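Notes follow once the structure below has been shown.
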């Protein structure tokens, strides 16, 4: 190729004449070391290129108006089924009373640890008041249809309301804010066998396990277990504590949380998403948690911050998983208030209802976590080129330094 004066002046790769090159043993040693280092760096670049990492991204949650599943599996070893109710309240004013029967199952825990499905659904309070305590029509009155007594809890002078079942009496008592206790001396409850079964379970120190799912609004609120039928009074949410107080030596708020999560239920596809990755988030921090405070009039409080999470897999090999992560702070206090046993300078407020309360705060943000390779193909090639160039540059500088040192030492020796 014919030379051009201007191109010659721009040549950054000046050549040396082969006869002017000098090869040394030290140069060969440095070359071998450089080759080994380059191979090691290429290996590291390839390992990084093929490794999978999670890259999180925070975005606004556009599904805020959709309802959210809440999944629970909680055991109360010292409270029989039928004593506690489960209610959900949120900041919109929606109140879901005793949702145990809507998607949940209850299991009695017998003395030897055996679990039997609960057979007392009559106290669920899930029925509509007007339907359950429905009065008699004129035709029914004329035909002599029965109208069970509500024991003064409802107006019955003209059979406006009738309490023909134990559940209807309890519902009428709750509407009147009367103590129902265990239903003793109420003929409907005695005839249905509720009283005998409840007294037997309490005396046998049975426990109760509640598991299942329910839907909640995607907004801050609380879910709680508390004794007795729930009712509202002047904007306050209260519970009938008559049965709780009748047995002074029974019951405590001990419980174990086998599982607690929001959104997609266990099996935890979300956990599987991180099966081969080091950065595994704790999406179910309450699983296996045990509350051992064996006090009767005590409240256990859990404050949860929930963040929606979407997991997208590498190269779309699996369908994305939508789940929820949450952090939790736990606290407990006695209902009667007073100084804390462990921190004498802390004073607890007095009042409230004994129970287990989960206060949840739903974040308006969503975390999207994506599985990606740590490096792209172009990044991998660039890394290899940079590694080779860097090592050879350092090797050349080192070789020149060694050569110069040898020349100085040889000159001094010849002198």
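The values are calculated or read from the model by the stated rules, or taken from the named source; none is laboratory data. Since the model is a prediction, treat every value here as computed from it, not as a measurement. Don't worry about glycine lacking a Cβ; one is built from the backbone with ideal geometry, like all the others, and counts go over all protein chains shown.
Some points to look at:
- Any hit, the range 348-359, residues being assigned by TED's automatic domain parsing to the domain that holds residue 229, over 18 Å from residue 295 (Cα atoms) and out of contact with any helix residue (DSSP H, G or I) (no Cβ under 8 Å at 6 or more places or on another chain): yes
Matching residues to (1) touching a strand residue (DSSP E or B) at 6+ places or on another chain (Cβ under 8 Å); (2) surrounded by 15 or more Cβ atoms within 10 Å (Cβ to Cβ):
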| residue | (1), (2) |
| --- | --- |
| 28 | no, no |
| 36 | no, no |
| 40 | no, no |
| 46 | no, no |
| 57 | yes, no |
| 63 | yes, no |
| 67 | yes, no |
| 73 | yes, yes |
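- Residue pairs whose Cβ atoms lie under 6 Å apart, sitting 6 or more positions apart in sequence or on different chains, and linking a residue in the range 353-366 that is modelled with pLDDT under 90 to a partner that is part of a strand (DSSP E or B), are 353/226; 353/239; 362/306; 363/307; 365/58; 366/59; 366/308.
- Residue match in the range 159-168 (condition: assigned to a strand (DSSP E or B) and either in the same structural domain as residue 263 (by TED's automatic domain parsing) or at pLDDT below 90 (or both)): no
- Qualifying positions in the range 187-210 - farther than 30 Å from residue 148 by Cα and surrounded by fewer than 16 Cβ atoms within 10 Å (Cβ to Cβ): 204, 205
- Test: residue in the range 312-325 that is within 30 Å of residue 240 (Cβ to Cβ), within 14 Å of the chain's Cα centre (by Cα), without any contact (Cβ under 8 Å) to a residue 60 or more places away in the chain and part of a strand (DSSP E or B): no
- Restricting 201, 218 to residues that are in contact with a strand residue (DSSP E or B) (Cβ under 9 Å, 6 or more places away or on another chain), farther than 12 Å from residue 87 by Cβ and not in a helix (DSSP H, G or I) narrows the list to 218.
- Flag for residue 150 being buried (at least 22 other Cβ atoms within 10 Å of the Cβ), under 20 Å from residue 118 (Cβ atoms) and not assigned by TED's automatic domain parsing to the domain that holds residue 231: no
- Residue identified as surrounded by fewer than 18 Cβ atoms within 10 Å (Cβ to Cβ), part of a helix (DSSP H, G or I) and in contact (Cβ under 8 Å) with a residue 60 or more places away in the chain among 392, 382: 392
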